[in-house]
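Before any comments, here is the structure.
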Amino acid sequence: MDQFPILDQLTGPADLKSMDSAQLKALCNEVRQGLIQTISRVGGHFAPNLGVVELTVALYKVFELPKDKVIWDVGHQCYPHKMLTGRWKQLHTIKQYQGISGFLRRDESEFDLFGAGHASTSLSAALGFAKARDLRGSNESVIGIIGDGSLTGGMALEALLNIGDQKTKMLVVLNDNEMSIAENVGALATYLAKLRLMPTYQKVESTVKKTLNKDGLLYRTAAGAKHAATHFTSPANTGLFFEELGFQYIGPIDGHDTDFLIQVFEHAKHLDGPVLLHVLTTKGKGYEPAEKDQRTWHATTGFSIEDGKMEKKSSGVTYTQAFVESLNEVAVNNDKVVAITAAMPDGTGLAKFADKFPKRYFDVGIAEQHAVTFAAGLAAEGFTPVCAIYSTFLQRAYDQIVHDVCIQNLPVVFAIDRAGLVGDDGATHHGTMDIAYLRSIPNLVILSPKDPQELREMTKFALSYGKGPIALRYPRGGGENLTDTVAPIQLGQSETLRRGDDIGIVTLGPIVSEALIAANTLETQGHSVEVLSARWVKPLDEVAILALARRTKKLITVEDGILAGGFGSAIVELLADRGLTEVQVTRIGLPDHFVEHGTIPKLRELVGMDAAAIVKAAEVLLHENRTLASR
Ligand SMILES: Cc1ncc(C[n+]2csc(CCOP(=O)(O)OP(=O)(O)O)c2C)c(N)n1
Ligand SMILES: CC(=O)[C@@H](O)[C@H](O)COP(=O)(O)O
Ligand SMILES: [Mg+2]
């Protein structure tokens with residue numbers, strides 16, 4: 001018997017128009033069960049999606065997609081949206097190579113009006129869509145949907161200020177589930193908690209009943225809607241913060257009451273100016289383990305799920321663990337060490353620092369720019385702040401790194417996690433830009449370990465460096481330790497992992513493992529290959545690199561980052577500056593396009609950054625040499 005009779009027949013959101021209350025509730029149930037069964041099996045964002053089932057169904061019942069523009073924030077909670085917009089049958093491919101993306105993508109569907117992945121962007125984008133509408137003279141509705149966590153992002157507040165000022169007709173739906181990935185933080189979270197204590201509209205529905213017109217809907221005229229809005233405003237008109245910014249605040253309302261959500265959306269549709277609808281949802285709704293532990297069940301990627309329990313699939317030490325264990329070892333004897341996360345305590349490992357040093361731990365919310373300059377302030381006063389931010393999210397704080405940290409040469413330690421390809425989160429999350437965007441900044445030095453044990457030592461080095469800003473870049477997940485011991489970490493000192501005279505491979509970070517595999521293959525072909533683990537993006541070990549170049553005259557550089565302006569570029573610049581024009585260099589890294597989602601081995605093969613690609617590049621260089629020699 002078909003478990004998903006409605007979903008299996010659904011052709012798109014227009015089909016919801018003809019559904020009655022019972023059918024919509026049945027649809028919500030199918031969406032929820034479809035999510036639980038599919039995402040438990042294939043992995044992905046779990047609790048956020050269960051929390052927006054009714055919200056998405058009600059929204060797509062009332063509004064006309066894609067004419068009406070619905071812009072989601074982050075997009076990790078977009079799976080119900082995808083299920084209702086023709087991708088239910090592809091849901092099992094989510095975040096897999098050549099499967100659908102785990103976030104919205106304009107090139108994936110006409111219903112994905114604006115891509116996301118990074119938080120706090122939806123309201124700015126939605127204002128853009130609304131302004132375009134007004135300039136065009138069309139009349140569609142524009143709705144931005146933002147979570148309480150994403151609302152802690154500076155961009156979101158910048159947008160609120162601008163929307164309120166512009167008095168643009170648009171609807172902001174605040175999906176408030178009291179959670180970011182971890183518990184939400186910040187004064188706004190505290191304010192929202194107060195609003196949640198106010199009686200929800202459902203409790204004052206008798207007032208609402210009086211404002212309903214004959215067909216059970218709220219007033220359709222602007223005047224009537226205004227009147228209804230007055231009734232709708234919760235008794236203590238508690239949305240003052242938003243009202244003062246120029247919004248009509250409606251809420252809080254129960255985000256799992258489909259009928260009432262539909263009523264309120266019908267009402268809000270007709271209101272002029274900016275409206276903020278405060279919706280209360282439960283992350284993980286309808287799946288008890290996730291409701292009980294919303295933090296753990298934020299995403300099930302990399303976990304297997306048995307009987308409501310999440311078991312990590314991979315074992316072994318991750319880079320993140322190595323980093324935070326080393327940080328904690330130092331911090332126990334150094335009370336100047338403090339740590340800052342931008343709403344990612346678990347992902348960065350800093351939750352383990354917080355357990356031991358709660359007074360020296362700061363979660364600033366999804367506020368990377370603030371995190372960096374906050375760290376700069378601490379460093380200016382003699383502390384050693386560790387700012388742990390994923391590579392991709394650190395992009396958001398570029399000026400703060402330059403302007404507030406590096407120009408002032410303040411001793412901030414940047415722990416750049418998820419550096420390099422991250423796999424199934426795809427283009428919005430690959431940490432592939434940081435080498436290029438950081439190495440050009442004066443005063444900043446940058447380290448990259450080849451394995452977790454080296455990261456331990458590099459973390460200790462970074463915490464005692466103190467001469468200025470220092471960055472550690474390391475990847476998602478774990479890796480084998482590639483040497484028995486760790487050579488002492490010294491500023492600008494590389495490490496020769498194997499000696500050879502025919503060709504040199506100069507590489508950086510965990511991608512060294514691919515270079516070693518390639519060197520072994522080349523050796524079986526009779527070639528003598530040197531592998532140099534550079535360890536430093538900046539300062540480069542110029543002496544070692546120049547000596548290798550002069551000796552072999554052939555270099556291959558390998559980096560888990562974009563080629564343009566990356567590590568290989570730095571080597572080429574060095575050779576050019578020193579007049580070594582006879583040295584042939586092949587750079588291996590990420591090409592000049594965004595890399596999609598998939599497993600890391602698959603993506604490395606795809607972009608030509610695996611051992612096979614290194615062997616091929618070496619053969620070309622070596623063959624060219626043989627050709628020259630045989631002339
Ligand atoms: C700029 C940026 N920083 C951090 C993240 C990581 N991140 C993804 S979802 C999330 C929490 C979002 O909370 P909320 O908006 O309340 O959505 P919910 O998961 O509660 O539905 C965070 C911190 C991100 N995507 N973008
Ligand atoms: C949606 C988002 O940005 C985070 O949930 C991110 O997907 C976490 O990535 P990790 O799984 O690498 O911690
Ligand atoms: Mg939330």
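The values are calculated or read from the model by the stated rules, or taken from the named source; none is laboratory data. The structure displayed is predicted, hence computed values, not measured ones. Counting neighbours? That spans all protein chains shown, and the Cβs are built from the backbone with ideal geometry, glycine included. In case anyone asks, the SASA skips ligands and DNA or RNA and just uses the protein heavy atoms, side chains included. Shrake-Rupley method; radii C 1.70, N 1.55, O 1.52, S 1.80 Å.
The phi-based Karplus calculation (6.51 cos²θ - 1.76 cosθ + 1.60; θ = phi - 60°) puts the 3J(HN,Hα) values of segment 367-382 at 9, 5, 4, 5, 4, 5, 6, 4, 4, 4, x, 5, 5, 4, 9, x Hz, whole numbers, x for Gly and Pro.
Placing pseudo-labels 7 Å out from each Cα toward the beta carbon at R41 and R550 gives an inter-label distance of 6.3 nm.
Tell me, what % of the accessible area of the chain is carbon and sulfur with a 1.4 angstrom probe? Carbon and sulfur: 53 percent of the exposed surface of the chain. Here segment 495-630 carries DSSP beta bridges of which approximately 15% are antiparallel, counting only pairs with both residues inside.
In terms of the mean number of neighbouring beta-carbon atoms within 10 Å, the peptides 581-593, 412-424 order highest first as 412-424, 581-593.
On a per residue basis, the chain carries 39 Å² of accessible surface, using protein heavy atoms and a 1.4 Å probe. Note on A14 and E329: their simple-model spin labels are 6.4 nm apart, each label 7 Å out from Cα toward Cβ.
Counted residue by residue at 0.36 nm each, then reduced by the alpha carbon distance between them, the extension gain from H593 to E573 reaches 5.0 nm. Counting only Cα atoms, the size of segment 5-300 along its three principal axes is 50, 42, 40 Å, in decreasing order. Among beta bridges identified by DSSP and lying wholly in the chain, the antiparallel ones come to about 20 percent. DSSP finds beta bridges in segment 319-473, and of those with both partners inside it, around 5 percent are antiparallel.
Would you please put 133-140, 371-378 in order of how densely packed they are, using the mean number of other Cβ atoms within 10 angstrom per residue and starting with the highest?
Details: 133-140: 11.4, 371-378: 23.4.
Peptide ranking by packing, descending: 371-378, 133-140.
Of the residues M19, M179, P385, the one whose Cα sits farthest toward the positive end of the charge dipole of the chain, with +1 on the Cβ of Lys and Arg and -1 on the Cβ of Asp and Glu, is M19. Along the charge dipole of the chain, which of M310, S101, G598 sits closest to the positive end, that is, farthest toward it, with unit charges on the beta carbon of Lys, Arg, Asp and Glu (+1, +1, -1, -1)? The residue sitting farthest along the positive end of the dipole is S101.
Expected output is a single nm value to one decimal: the length gained when fully extending between A187 and R106, i.e. 0.36 nm times separation in residues minus the C-alpha distance. What is it? Don't skip to the answer; put the middle values down first.
Details: separation 81, 0.36 × 81 = 29.16 nm, distance 3.40 nm.
Length difference between fully extended and current span is 25.8 nm.
In this label model, H623 and K25 are separated by 6.9 nm, measuring between points 7 Å along each Cα→Cβ vector. With a cut-off of 13 Å between beta carbons, the residues surrounding R396 carry a summed charge of -4, where Lys and Arg count +1 and Asp and Glu -1.
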